[in-house]
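Novice: Quick one: structure below, then a few questions.
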């Protein structure tokens, strides 16, 4: 768009510069640099950084590295948490939309976990999940002793246990997005459908859910992006263990970084970047195809 | 008809209150166990302590430099949210009002920062080259840089809905751009500034990743790294671990309770409009 001389004088570009400069130097430059360093042998020992082509990526994807589980864990974490957050968030939002007297307090409580430090959340759930913790205690109390587990220590279930903590933490956020979208459903539509004699379920499927389409897209995007990027929750609760059974991409990035394998670690970070980008465009593409138009 | 509806609503309300226990019990568990004796805490029950051991808190305060960590967290959080709010609102002002092709591209560039993960290794190298590891300035600027995309996003959707008449009145009165920004625009942005600040404050205060990579001196750790260190240090003293955790979590909970209106609406409104 062309703008007039007056606009240019009124809104000079230099007010934009400080933010752009800070963002450019501290965010864009290092992330752009990662596209180069991912293809080098950069490490803590050698002093010369040499271009080595795709060697880091070949090593990452080689079966000897045992990284297959890392990709699987990251995918499991992202997809499982996204689906559950949407289901629970939607349910809470529909129930809390109106008619409940204490809805404001309830909303605040359900939203609260995401504002608690992940380190504290990790400490709490390490206790809850421990073999003699309150989860197993509760199961024994109701006569389900056979269901008890060492929730974090058993490699087969550990990633699911940790991912469930993320569901606990962020379902309230999904709820808040759905609630905001529910405020945009015109009241008259409900009245009209009531006159037409629609039942509650018909109202939900044909009136409410189409209006929530955008919120579902948003929650899927947020869920997938934050799920792929997850780090601190897993680092605090299990640190990727036992035997790498809960290790996700960002944990590998830190581990390799600590070992001094900087180039390798950067390559891993770049793969994460590609996954996030892919997820972003993939989710947008899929939802575009099935778009529901309510306007 | 209306009678059965009120009744079913009451059932829903009770069910919802029951499910809040899933959130409240873990918190209660930490607080109640922070007040038990070292032997009693090993039972790991949700029972009230036989005797309230407020002494646990005193002991943690004596052993760890908690006030110092609070001080560090406050320095990081408050400075970075102020820097971020000032720079972002100025930038948004131009991005919205001077709607050129280039500015559209710049806005998209900022949006990338909301989605793309940060590459920690190359960021570490940059911080090291600039001598910003273990530097208050460095960490504050890095936080500000990482909050700028979301904050600009929030400001943009707000400024778009502000009338331009005031700007024009300011020009007629002969006020320069910076002057207009300070005395006309910024005061109008109070609600969205409050939202941005509260959200970024919580994000910064709770952040665990930046100090892990970029702060190696324990004297510059904020509360979250201190809390993380407690896990190892009080491995066999869960009473102290929980006391430390409660002490560190309480201020954030208070901020949340006071500012939850801003947090919930800000975190979601920005998302919905965009």
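Novice: Please count how many residues of region B:83-106 are without any contact (Cβ under 8 Å) to a residue 60 or more places away in the chain and part of a helix (DSSP H, G or I). Lay out the reasoning, then the answer.
Specialist: Keep residues of region B:83-106 that are without any contact (Cβ under 8 Å) to a residue 60 or more places away in the chain, which gives B:86, B:94, B:98-106.
Remaining after also requiring part of a helix (DSSP H, G or I): B:86, B:94, B:101-106.
The qualifying residues number 8.
Novice: Quick test of your reading of the structure: residue B:7 fulfils all but one of (1) surrounded by 15 or more Cβ atoms within 10 Å (Cβ to Cβ); (2) part of a helix (DSSP H, G or I). Name the failing condition by number.
Specialist: (1)
Novice: Looking at region B:108-123 only, could you name the residues that are buried (at least 18 other Cβ atoms within 10 Å of the Cβ) and over 23 Å from the mean Cα position of the chain (by Cα)?
Specialist: Selection gives B:121, B:122.
Novice: Within region B:107-123, take every residue that is free of Cβ contacts under 8 Å to residues at least 24 places away in the same chain and either not in a helix (DSSP H, G or I) or not assigned by TED's automatic domain parsing to the domain that holds residue B:178 (or both) and give me the one that is farthest from residue B:159 (Cα to Cα).
Specialist: B:119
Novice: Next question, about the same structure. So, of the residues in region B:139-179 that are out of contact with any helix residue (DSSP H, G or I) (no Cβ under 9 Å at 6 or more places or on another chain) and in a helix (DSSP H, G or I), which turns out to be farthest from the other protein chains (Cβ to nearest Cβ)?
Specialist: Per the stated criteria, the residue is B:165.
Novice: I've got another one for you. Mind checking which helices (runs of 4 or more DSSP H) fall wholly inside region B:193-274 and carry at least 3 residues that are surrounded by 20 or more Cβ atoms within 10 Å (Cβ to Cβ) and at pLDDT below 90?
Specialist: Once the helices (runs of 4 or more DSSP H) in region B:193-274 are filtered for at least 3 residues that are surrounded by 20 or more Cβ atoms within 10 Å (Cβ to Cβ) and at pLDDT below 90, what remains is B:238-273.
Novice: Something else: May I ask you to list the residues in region A:179-189 that are surrounded by 20 or more Cβ atoms within 10 Å (Cβ to Cβ) and more than 9 Å from every other protein chain (Cβ to nearest Cβ)?
Specialist: none
Novice: Being more than 30 Å from residue A:157 (Cβ to Cβ), at pLDDT 90 or above and part of a helix (DSSP H, G or I) narrows it down to one residue among A:277, A:193, A:252; which is it?
Specialist: Step by step, each of A:277, A:193, A:252 is checked, and only A:277 is more than 30 Å from residue A:157 (Cβ to Cβ), at pLDDT 90 or above and part of a helix (DSSP H, G or I).
Novice: Within region A:226-243, is there a residue that is free of Cβ contacts under 8 Å to residues at least 60 places away in the same chain, in contact with a helix residue (DSSP H, G or I) (Cβ under 6 Å, 6 or more places away or on another chain), more than 14 Å from chain B (Cβ to nearest Cβ) and not in a helix (DSSP H, G or I)?
Specialist: yes
Novice: Quick check on region A:232-246. Is at least one of its residues more than 25 Å from residue B:203 (Cα to Cα), surrounded by fewer than 16 Cβ atoms within 10 Å (Cβ to Cβ) and modelled with pLDDT under 90?
Specialist: yes
Novice: Looking at residue A:124 and the list (1) part of a helix (DSSP H, G or I); (2) without any contact (Cβ under 8 Å) to a residue 40 or more places away in the chain; (3) in contact with a helix residue (DSSP H, G or I) (Cβ under 8 Å, 6 or more places away or on another chain); (4) more than 9 Å from every other protein chain (Cβ to nearest Cβ), which single condition is not satisfied?
Specialist: (4)
Novice: Could I ask something else about it? Restrict the check to region A:199-217 and report whether at least one residue is assigned to a helix (DSSP H, G or I), closer than 29 Å to residue A:249 by Cβ and more than 10 Å from chain B (Cβ to nearest Cβ).
Specialist: Yes - at least one qualifying residue is present in region A:199-217.
Novice: Restricting attention to region B:124-148, which residues are surrounded by fewer than 22 Cβ atoms within 10 Å (Cβ to Cβ) and in contact (Cβ under 8 Å) with a residue 24 or more places away in the chain?
Specialist: Matches in region B:124-148: B:124, B:132, B:133, B:134, B:136, B:138, B:141.
Novice: Okay, next question. Can you list the helices (runs of 4 or more DSSP H) found entirely within region A:13-65 that contain at least 1 residues being within 17 Å of residue B:118 (Cα to Cα) and without any contact (Cβ under 8 Å) to a residue 12 or more places away in the chain?
Specialist: Numbers: elements: A:17-23, A:29-37, A:55-61.
Hits in region A:13-65: A:17-23, A:29-37.
The values are calculated or read from the model by the stated rules, or taken from the named source; none is laboratory data. Here the structure is a predicted model, which is why all the values come from computation and not from measurement. Note that each Cβ is placed from the backbone with ideal geometry, even for glycine, and that neighbours are counted across all protein chains shown.
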